[in-house]
Each structure stands twice: as structure tokens, then as C-alpha cells.
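Working notes, structure below.
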Amino acid sequence: MRDGYGRNIDYIRISVTDRCNLRCRYCMPADGIEPTTCQEILRFEEILRLARLFADSGIQKIKITGGEPLVRKDVSWLISQLKKIPGIQQVTLTTNGLLLGQYLPTLMEAGLDGINISLDTLEEDTYQRITGRGSVRQVLKAIEACCDYENLRVKINTVTLADYNLSEIEALAALAKDRKLDVRFIEMMPMGLGRDFPGYTQETALKRLEAAYGTVLPAEDEKGDSGPAVYYKLEGFQGRIGMISAMSHIFCKDCNRIRLTAEGFLKPCLHYGTGVDLRQLLRTGADDEILRQAIEAVILDKPERHGFCQETAGVKEERKMWEIGG
């Protein structure tokens, strides 16, 4: 389905939990959160019902996210059921990687197509400073395990944190040298706690990479197949380097996604608080046609662009990233 600006909306991020086993400083308070109750979170059967309607409205790709999705029981089963829905061509997962080694075999049995692993540093002490717990070695071990599956698309997501990983750009990119995976640098967006963490632009990252590895060239498949990343190749690298630059290179004209929070709120844009409460409709007896109309109304009203760089009083999303599956 096309939105009001002619963009083909074929991708949805579905958050299955707001809980996380890390406390990344730019995302979640160090003393944790008051978790949403089980009754407030969408049940898997509700997610599956909505997913069928999303597919009817043109959604072809689903990303399962959180919080940390692997802290919710039976996520592999959910993925296996999503894969069976007619029209759904791709189901992927985003994770911090700490539980990935444990669940990777069942995720692959479920038919997982791709995985995004959040990793902001390779240094153990810096990892502890950012996340407050866990071990970077555990994440790196999970990345290696993922690379053993030839048909699994693996992407490493690094948030640009000027005070934490600017000096590690070259080392993080090197994960793609001998592995067929993508390393993507994501510009920090000024939402929630992230407002207090300065980032750096893709130009800064690219200049450092060029100084270390030589000419940075656009990849043959420069644009990602289901997202905003722009990809580059470095000589001698098996994998690609991606840049997701919401601040310095606004990509909204090509945005193809909507988002469903763990509580069932359908959002057309990360930055705005607008959307529709599908949980309420589900639990008050709405039939499929009413739900479909609500979904398509959100798609049609998707904003033209985010407002991070301008004043958008009254419509700005005030919830934190962990609350909206950011």
C-alpha cells in the first residue's frame, strides 16, 4: 500500500517486549524501568492476527524487535508462524546478542531470514560503561556463530557515540573484512536519554575509514533492500559498510516502514506520537475489516518526514526508545 506521499509501505517493525537485559545509557535508565504487565503486552495470537492484516495491506517484511526480543519466551515459535503467512516474504530479528548463542539454532529452524546485532564497541570496559552489564565477548561469539549459516543475513548495528566509540570506527568496520556481514553506523537521534549523548556524522566515519583502508566506494547494491542504510565497499572486505544517517542525510522520502509497539500501538513514524491503538480495537471485538481500515488509515497518514531537526510542538513522540521499539 502507498502512503499519502506515494511511498510503498511494505515493512513493519513489531516490538514483542519493552524489557531488556542491558541498560544502555542512551536508551534505558540504569536502575531499570517499571515493566509493562503481561496483560498490556500483545499476545502472540494477537500479533499473528494483525500480521495477516498487515500482509493484506501490502506488508511483506517483518522485523521482530524489543526491548530485547529474546527475553520473551517462544519468540522462535512466533517467527515460525509469521513465516507461514501468505504475502510475508521476510522475517528478521534485532537483538543485543547476549542470548543469541542459546537461541540461534531454534531461530534458524523457525526460518529466520536475517539478524541485526547491536554492538557499539569491541572493548570490554567501554561495553560495560555503555550497557552496564553483559560481556562483549559473548556478543562476538554469537556473531561468529551467525556467520556459520550461509543463508542468514547478518548486520552489526553501531550507534555513533562521540564519547565512546569514535576511536573504534576502524576496528568495528573490520568485522566485515573477513566475514560476509554488514557493519552499519547509525547516527544518534535526539530521543529520550539519547538527547544527552553526542554522536558523529557519516562523513566523520567515512573519512576515518578512507584514511585507514583506502577509497570508500558505493556498493553495487548501494541501497538496502528493506531500510534506510546506504552501503559502501572497502577493498579487500568481504562485507559492506552501511550508514544510517537520519540526522545528516534525511532519508524520509524513501521510508517504507511502520511500527507496532509491544502494547499494540501502530506508529507511522518513530519521531511522532501519532497512530492508532490496535490493542484496544482487538480487545473490544473489532472485526478484521475495522482493523484493516485502522491500519490503512495510519499508512495513508504517514508524515512526510521526521522533525528531529525542527520544532514540532504537540506531535513529537515523548516516549522513550525502549517504549516504542526504536
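Figures for the structure shown
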| read-out | value |
| --- | --- |
| Leading residue by the ranking (modelled with the lowest pLDDT) among those in segment 1-32 that are part of a loop (DSSP other than H, G, I, E, B), exposed (fewer than 15 other Cβ atoms within 10 Å of the Cβ) and in contact with a helix residue (DSSP H, G or I) (Cβ under 9 Å, 6 or more places away or on another chain) | P29 |
| Residue match in segment 55-63 (condition: aliphatic (A, V, I, L, M) and farther than 25 Å from L99 by Cβ) | yes |
| Selection count where residues are buried (at least 16 other Cβ atoms within 10 Å of the Cβ) and outside any strand (DSSP E or B), scope segment 82-107 | 13 |
| Subset of segment 255-268 [modelled with pLDDT of 90 or more, assigned to a loop (DSSP other than H, G, I, E, B) and open to solvent by 10 Å² or more (accessible area, probe 1.4 Å)] | N256, E263 |
| Residue match in segment 203-212 (condition: part of a strand (DSSP E or B), open to solvent by 30 Å² or more (accessible area, probe 1.4 Å), modelled with pLDDT of 80 or more and touching a strand residue (DSSP E or B) at 6+ places or on another chain (Cβ under 6 Å)) | no |
| Answer residue from segment 148-177, given it is part of a helix (DSSP H, G or I), open to solvent by 30 Å² or more (accessible area, probe 1.4 Å) and not hydrophobic (A, V, I, L, M, F, W, C) and is nearest to I115 (Cα to Cα) among those | E170 |
| Segment 265-285 residues that are among the acidic types (D, E), paired with ones that are part of a strand (DSSP E or B) and open to solvent by 20 Å² or more (accessible area, probe 1.4 Å) (beta carbon under 7 Å, 6 or more apart) | D277/F265 |
| Residues of segment 108-138 classified as open to solvent by 30 Å² or more (accessible area, probe 1.4 Å) and part of a helix (DSSP H, G or I), total | 8 |
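The values are calculated or read from the model by the stated rules, or taken from the named source; none is laboratory data. All of these numbers come straight from a predicted model, not from anything done at the bench. Here the Cβ is made from the backbone with ideal geometry for all residues, glycine too, and neighbour counts use every protein chain on show. Heads up: the accessible areas ignore ligands, DNA and RNA and are worked out on the full protein's heavy atoms, side chains in. Shrake-Rupley method; radii C 1.70, N 1.55, O 1.52, S 1.80 Å.
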